[in-house]
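Here, each number is a calculation from the coordinates, and none is a lab measurement. These figures come from a predicted structure and were not determined experimentally. FYI the Cβ positions are ideal-geometry reconstructions off the backbone, even for glycines, and counts take in every protein chain you see.
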Amino acid sequence: MTKVSMTVNGKAVSGEVEGRTLLSSFLREGLGLTGTHVGCDTSQCGACVVHVDGQPVKSCTVFAADVEGAAVKTIEGMANADGSLGVLQQSFQDHHGLQCGFCTPGMVMSAAALLAENPRPTEQDVRHYLDGNICRCTGYHNIVKSVMAASGQDVSALAAE
Amino acid sequence: MPKDHGIGASTKRREDIRFLTGRGVYTDDMALHGQTAAVFVRSNVAHGRIKSIDTAKAAAMPGVLAIFTGEDFKDVGGNPAGWLINSRDGTPMREPKRPVLAHGKVRHVGDAYAAVIAETYSQARDAAEQLAEDSVIEELPAIVDMKAAVADASNRVHDEIPDNVCFDWGWIEDNRAAVDAAMKAAPHVVTLNLVNNRLIPNAMEPRASIGEYNPGTGDYKLTTTSQNPHLTRLLVAAFVLGIPENKLTVVAPDVGGGFGSKIYHYGEEALVLAAAKRLGRPVRWTAERSESFLTDAHGRDHVTKIELGCTKDGEILAIRTETLANVGAYLSNFSTATPTFLHGTLMSGPYKVPHVYVNVKTVFTNTAPVDAYRGAGRPEATYSLERVIDQMCRELGLDPFEVRRKNLLTPDQFPYQSPVGLLYDTGNYQATLDKAVQMADVAGFEKRAAESKARGKLRGMGLSTWIEACGIAPSNLVGILGSRVGLFDAATVRVNATGNISVMVGAHSHGQGHETVFAQIVAEKLGIPESSVDIVHGDTSKIPFGMGSYGSRSLAVCGTAMTKAVDKIIAKGKKIAAHMLEASEGDISFEDGKFSVAGTDKAKTFGEIAFSAYVPHNYPLETLEPGLEETAFYDPANFTYPAGAYICEVEVDEGTGKVDVVAFHCADDFGNVMNPMIVEGQVHGGVGQGIGQALMEFTTYDETGQLLTGSYMDYPMPRAEDVPFYNVDYSCQTPCTHNPLGVKGCGEAGAIGSPPAVVNAVIDALHRGGHTHVKHIDMPVSPSRVWSAING
C-alpha cells in the first residue's frame, strides 16, 4: 500500500492505495465521491472524466498514485459556493441536456474543459470535443445545445443545417 | 403563451439537480457495512461441456469467502420466458431451463459457470482468474449462424432440442392460404431479403446488483439495475429461488438507462441473494463493460424475406414475410414475445392492406440471449415494410410520397381492425405526412441536391411512415397472446396531513423524467403547486404492485392508474368537504384546489381537507374513514397507437462510401403531450439510436462464437459528431380514445421510425448518382458496404 495526498475540490485529502488502485476507485470508494462514474473501463465512454490540474482526464485510466500532489476537481466541485448550479450545470437543466444522468458528470467535466479552452465554441467544436464522451439517451442534440447556451450563444433556432 | 406549469408545460426536470451535482445514487454508488464482492467466472468458449471445476486453490486465496458453481443451483428453478408461444402446428415452444449458473454445458461466451465472493473486489477477481485456470471445459463446435443452426440437427445448443428451433410461428395461420392466393394473383410482386442487424443496448450504467439477507428476520433485499422492480421480484422470488415475495424487497434506485436490457431478470441477481444468505453479509457485483457486451440481452437480429404484392400503380394487395429470429443461447424473459406479437402484429403498418401473413422461426444459437431493445419487434416490422415499399416504388417508377399517401388509412376508417390482430383506435396519418413534407421542405430538395453535388456529394432523401403498438398492456389481450403475466400498472396517492403529496408508482424512471412529469399531472388535477408533489418509484416495499417501464407504457398505463387514484382522492375529498361544510356530497364541486358548495360561497381548500382527514375530530366514523390515501390499478382496454412520418436527408461520399445524416425531420402523433421538452428529448434519443443502427452499430460473432465487437473500441456507438440536430414536431395530435389523459407514449418512436428513413435516403442518393444497380444495402450502411455496393 502507498500513501497518496492530493487536493480534491479544494480540500486536502489523503489515503492508502494499492499500486493498481485507479483514480476513479480512489474518488468513489476512498473518498465517497460517487458522482464520478465508471462506464467502460477502457477510456472510451468518458463518464469518469475529472480535471487534474485543470486538464480533463479519464479517471478510470489513471492510477491514484500517479496524481500525488495534484489538484483534482470532480462533478461534486462544480456547483456555486452557495450550492446552486453553476452556469454550465444550469444550462444542462434548462436545455434538457441529460436523461438518465449516468454520463452527465463526465459530460459536464469535459464541456467545462472545452469552455475553458474555447469560450465560444461552434456546434462542430462542441461535437468534436465531446467525441470522447458517450451518451446513449439524448442523441446529443440537447447536450450540444446546453454547452453552446452556457457559452452565451442563442440556441433557440438550432436545427440541422 | 406556452404553459409554465402543469399538464403541457415544459417543466424543468427536478431529478437533474442531483444528477448534475453528483448526488444521484446508482446501485454501485452504495457502500454497505460488511460488504463483500462477487466476481463471475465466465466461459471463454461459445459452446462447451463442463468437465470439472476444481475450487481448492481459488478457495484458499486471500480474502475468499465462498465459491458457487452450477451444482449449487441445480435444484432451484430457472429464469423463465414470460410468454408461451405455440408453433403453427399447435405445439408449444421448446423452453430449455436457464439456470442461475451454467451447469453441464456453457452456451455462449460470457455464460457464467461459477462465482467467487471475497472481502474485496480485487481479491475476488484474482481468485476468479485462478478458478478459470482450474476449470476444464471441453469445447464443442459453436452454433452461430441461424441458417446453419436449423440445418444441422446433430449440433445442438440444448441437447434436448434437435433442430435448435424454439418455435415456428404463423400469424395469422388461418389466413395463410388467402394471403398466398392474393400474392399469386397480384399484378406485381416485390421481394427483398433483409438483415435487421443485431444490436447491443449499451445503457451507460453497467448492470449491478447488491444482495442482502437478515438472518434475524429471514428478509432479503436486492438492490439492482432494473426497469421493473416488482417484475424482478416476482421472477427471482417465485420462479428462481423460491423465496416468498413478502420476504424479498427489490430496490431499483437511480438507473442509468435501460432501453430494454434492464427489464429482464439475470442470474447475477439470484446469485448475490443466495450468496448473501450463505455469508450473512451484503454481496455486491457490478459488471465491467466487457461483461455488459457479453451478457446484457442483445436486440433485433432478424433475417427476413419480405414479399409485397401490388397493382402496377402501387396499391398494396398483400404482404408475406418469412423471418429467422435469433434468441441466443437461452430464452430471456420477453424474448419469445418480441419477434412475434410485437413484430407480426405491426406488419400492416399504417396502411390498408387486405392480406398479411407473417412467419417467424426463432432459433437458438451459441450467442448472448436476444430480447426487446428500444422498439422491440416494431422496428423490425417497420424496417421490412418501409424498405419494401420504397423498392416497389423504384421497380414501378412511382413516387414514394404518393404511394404512401395512396395506401395510408384515412381518418374516417378508424377504429380499424388490422388483418394482423390489432384494433387501431385513432390516427391521422395524412396529417403527420403533410407536416413532415412541410418541415423537410421537400419541394426544395432538388436545389439542396445540386448544392451537395457542387461539393462532390450525392444527396438523397428517405421517408418512412410508421405506426407502433405501445402502452403494453391489455392483460386480456396479452393473455390470449401467450403472456404469463398481467400487464396492468398501479399507483398510490398519499395526501399527507399538511397537504403535500407522495405518489407511489409502479412505473420506473431511468431517464424518462417521471418524477417531474407525473408531478405535473397530479398538481394540475389537484390545483396545487408541482413542488408539493413527490413521486416515489423503484422500491417494492414502498410502491404498489406495478409492472415497470418498457414498451412506452409509463404514462399510458401507470399515468392512468395515477390519474384514477387522484380521482378517488377528489371523490373522498368531496365526502370530507360535505361533512365539514354540512352540505350534501352531491352539491360539492372541486375546482382550482377548492371544494365548494354549489351556489354558495362556502368552500374549503385542498389543504384544509387534507388536514381534516388526519385530524378527524367529529367525524361520522361509520360513514367516513379518516385519512386521504387512494390506490388505483389500471389495465387498459387496448394498446395505444402512436404514429408518424420521418424524413431523412443524407449526403454520400462516393469516393469513401461515408454517409452523413444532414437533416432529420420527425412529425409524430403521440396524442396529448404532457411535457413537450421531455417528449422532444425522447424522440432525439430514439432517432440517435436509430441512426446508430442504420449506419454504425453491428454485433459480430466469429465462426467460433467469439464476440468481435465486445468493447467501445470495436462496437461503434454513435458519438456527438456522428449525428445532426433533429427537427421534431408533435403538433399532429389524435388523442388516445381509451385513456383519460389521451396519451400514446413516445419512448420508442424515434428508434422505430428512423432506420428505414436513413437507409431509404442512402439508396435514393445512390440512384440519383447513377448507381441504379444498388437495390439494397444491409444495416449498418457502413462506408465499406456503400463503397462495395457502388463499386460492386
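Mark the label point 7 Å from the Cα of B:GLU608 along Cα→Cβ and return the residues of region B:562-593 whose backbone N is within less than 18 Å of it.
Only B:570-593 pass the distance filter.
With r defined as the distance between the Cβ atoms of B:ASP89 and B:LYS184 and R0 fixed at 22 Å, what FRET efficiency is calculated, to the nearest 0.05?
Numbers: r = 24 Å, r/R0 = 1.08.
The formula returns an efficiency of 0.40 here.
Please list 3J(HN,Hα) in residue order for region B:220-227, calculated via the Karplus relation 6.51 cos²θ - 1.76 cosθ + 1.60 where θ = phi - 60°; whole Hz, with x for glycine and proline.
9, 9, 10, 9, 7, 7, 10, 8
For the cross-link pairs B:LYS221/B:LYS277; B:LYS51/B:LYS262; B:LYS262/B:LYS361; B:LYS74/B:LYS361, which exceed 21 Å when the distance is taken from alpha carbon to alpha carbon?
Pairs exceeding the cut-off: B:LYS51/B:LYS262; B:LYS262/B:LYS361; B:LYS74/B:LYS361.
DSSP loop trypsin sites (Lys or Arg not before Pro) in region B:408-463 with at most 11 other Cβ atoms within 10 Å of their Cβ, which ones? Working shown, then result.
Numbers: sites: B:LYS435, B:LYS447, B:ARG448, B:LYS453, B:ARG455, B:LYS457, B:ARG459; in loops: B:ARG455, B:LYS457.
Counting only loop positions with at most 11 other Cβ atoms within 10 Å, the trypsin sites (Lys or Arg not before Pro) in region B:408-463 are B:ARG455.
Take B:GLU721 and B:ASP653, extend 7 Å from each Cα along the Cα→Cβ direction, and tell me the distance between the two endpoints in nm.
Those two pseudo-labels are separated by 1.1 nm.
Scan around B:ALA66 for amide H atoms under 5 Å from its own, H built in the peptide plane at 1.01 Å from N, and keep only partners 5 or more places away or cross-chain.
Those qualifying (amide H under 5 Å, at least 5 residues apart or on another chain) are B:ILE117.
Need the full-extension length gain, B:ASN155 to B:SER784, defined as separation in residues times 0.36 nm minus the C-alpha distance. One decimal, nm.
Working: separation 629, 0.36 × 629 = 226.44 nm, distance 3.36 nm.
Value of the extension gain: 223.1 nm.
Going by amide H atoms built from the backbone, whose H comes under 5 Å of the H on B:THR120, apart from near neighbours?
Result for B:THR120 returns B:ALA37.
How are the C-alpha pair distances of region B:564-716 spread across 10 Å bins, as whole percents from the shortest bin up?
P(r) for region B:564-716, in whole percents per bin: 8, 21, 16, 15, 13, 12, 11, 4, 0.
Taking the protein assembly as shown, how much of its Cα-Cα pair set, in percent, is spaced more than 40 angstrom apart?
Working: 184863 of 453628 pairs.
Of the Cα pairs, 41 percent sit more than 40 Å apart.
Taking region B:129-191, which GluC sites (Glu not before Pro) meet the DSSP loop condition and have no more than 11 other C-beta atoms within 10 Å? If you can, show how the numbers build up before the last one.
Working: sites: B:GLU129, B:GLU133, B:GLU138, B:GLU139, B:GLU160, B:GLU173; in loops: B:GLU160.
Sites meeting the loop and neighbour criteria: B:GLU160.
Give me A:SER59, B:SER589 sorted ascending by neighbouring Cβ count inside 10 Å, so fewest comes first. Numbers along the way, then the final one.
Numbers: A:SER59 29, B:SER589 14.
In order of increasing Cβ crowding within 10 Å: B:SER589, A:SER59.
When chain A is treated as a GNM, springs tying every alpha-carbon pair under 10 Å, which of A:GLN93, A:GLN44, A:GLN124 comes out with the largest mean-square fluctuation?
Top of the fluctuation ranking is A:GLN124.
Largest first, please: the extent of the C-alpha atoms of region B:416-497 along each principal axis, to the nearest Å.
64, 48, 24
Looking at region B:469-564, which trypsin sites (Lys or Arg not before Pro) are DSSP coil and have at most 15 other C-beta atoms within 10 Å of their C-beta? Provide the component values of the computation, followed by the final result.
Numbers: sites: B:ARG484, B:ARG494, B:LYS525, B:LYS542, B:ARG553, B:LYS564; in loops: B:ARG484, B:LYS542, B:ARG553.
Within region B:469-564, the qualifying trypsin sites (Lys or Arg not before Pro) (loop, at most 15 other Cβ atoms within 10 Å) are B:ARG484, B:LYS542.
Mean residue ellipticity at 222 nm from the helices of chain B, using -39,500 (n - 2.57) per DSSP H segment of n ≥ 4 over the full residue count, to the nearest 500 deg cm²/dmol? Could you put the intermediate results ahead of the total?
Numbers: 19 runs with 211 residues, N = 792.
Theoretical 222 nm ellipticity from helices: -8000 deg cm²/dmol.
Output the Cα-based Rg and Dmax of chain A in Å, rounding Rg to one decimal and Dmax to a whole number.
Just the Cα atoms of chain A yield Rg and Dmax of 15.9, 55 Å.
Using a 10 Å cut-off around each Cβ, can you sort A:VAL17, B:VAL100, B:VAL615 from fewest to most neighbouring Cβ atoms?
Values: A:VAL17 20, B:VAL100 27, B:VAL615 11.
Least to most surrounded, the residues fall as B:VAL615, A:VAL17, B:VAL100.
Counting only C-alpha contacts under 8 Å and six or more residues apart, can you give the relative contact order of chain B as a whole percent? Please list the in-between numbers first.
Values: 2002 pairs, mean separation 120.5, N = 792.
15 percent.
Given a Förster distance of 35 angstrom, what is the FRET efficiency for B:ASP714 paired with B:LYS51, based on the Cβ-Cβ distance and rounded to 0.05?
Values: r = 31 Å, r/R0 = 0.89.
About 0.65, to the nearest 0.05.
For region B:533-611, take N as its residue count and report Rg(C-alpha) divided by 2.2 N^0.38 Å.
1.40
Size of region B:456-525 along its principal axes in angstrom, Cα-based, largest extent first?
69, 41, 21
Starting from the Cα of A:GLN55, step 7 Å along the direction of its Cβ; do the same at B:ASP174; then give the gap between the two resulting points in nm.
7.2 nm
List the residues, sorted by chain then number, that are 5 or more residues from B:GLU315 or on another chain and whose placed amide H is less than 5 Å from its amide H.
HN-HN under 5 Å from B:GLU315: empty list.
For region B:631-743, state the semi-axes of the equivalent ellipsoid (square roots of 5 times the eigenvalues of the alpha-carbon gyration tensor), sorted largest first and rounded to whole angstrom. Present the calculation step by step, with values, prior to reporting the outcome.
Details: eigenvalues 239, 89, 27 Å².
Whole-Å semi-axes of the equivalent ellipsoid: 35, 21, 12.
Once Rh is set to the Kirkwood radius over Cα pairs, what Stokes-Einstein translational diffusion coefficient, in µm²/s, holds for region B:14-86 at a temperature of 20 °C and a viscosity of 1.002 mPa s?
Values: Rh = 17.6 Å.
Roughly 122 µm²/s, to the nearest whole number.
Cα to Cα, under 20 Å, and not fewer than 8 places away if on the same chain: which lysines meet these conditions relative to B:LYS744?
Result set, ordered by chain and number: B:LYS435, B:LYS525, B:LYS564.
Tell me, in nm to one decimal, what length is gained between A:ALA12 and A:SER43 on full extension, where the rule is 0.36 nm per residue of separation less the Cα-Cα distance?
Numbers: separation 31, 0.36 × 31 = 11.16 nm, distance 2.66 nm.
Extending this stretch completely gives an extra 8.5 nm.
Using only the Cα atoms, what convex hull volume per residue in Å³ does chain B have? Kindly include the intermediate steps, with their values, before the conclusion.
Values: hull volume 140.9 nm³, N = 792.
Measuring per residue, one finds 178 Å³ for the Cα hull of chain B.
What value does region B:713-792 have for Rg/Rh, both radii from Cα atoms and Rh as Kirkwood defines it? Display every interim value, and only then the final one.
Values: Rg = 17.8 Å, Rh = 15.9 Å.
So for region B:713-792, dividing Rg by the Kirkwood Rh gives 1.12.
For region A:5-14, take each phi angle, set θ = phi - 60°, evaluate the Karplus expression 6.51 cos²θ - 1.76 cosθ + 1.60, and give the result in whole Hz per residue in order, putting x for glycine and proline.
Values per residue, Gly and Pro as x: 10, 7, 9, 10, 6, x, 10, 6, 9, 8 Hz.
What order do you get for A:LEU114, B:LEU308, B:LEU398 when you list them from fewest to most C-beta neighbours inside 10 Å?
On the way: A:LEU114 21, B:LEU308 25, B:LEU398 17.
Going from sparsest to densest Cβ surroundings: B:LEU398, A:LEU114, B:LEU308.
Compute the relative contact order of region B:398-508 as a whole-number percentage, counting only Cα pairs closer than 8 Å that sit 6 or more residues apart in sequence. Before the final figure, lay out each step's value.
Numbers: 74 pairs, mean separation 14.5, N = 111.
Answer for region B:398-508 is 13 percent.
Explain nothing, just compute: Karplus ³J(HN,Hα) = 6.51 cos²θ - 1.76 cosθ + 1.60, θ = phi - 60°, for every residue of region A:132-139 in order, whole Hz, x for Gly and Pro.
Ordered by residue, 3J(HN,Hα) equals x, 10, 9, 10, 9, 8, 9, x Hz.
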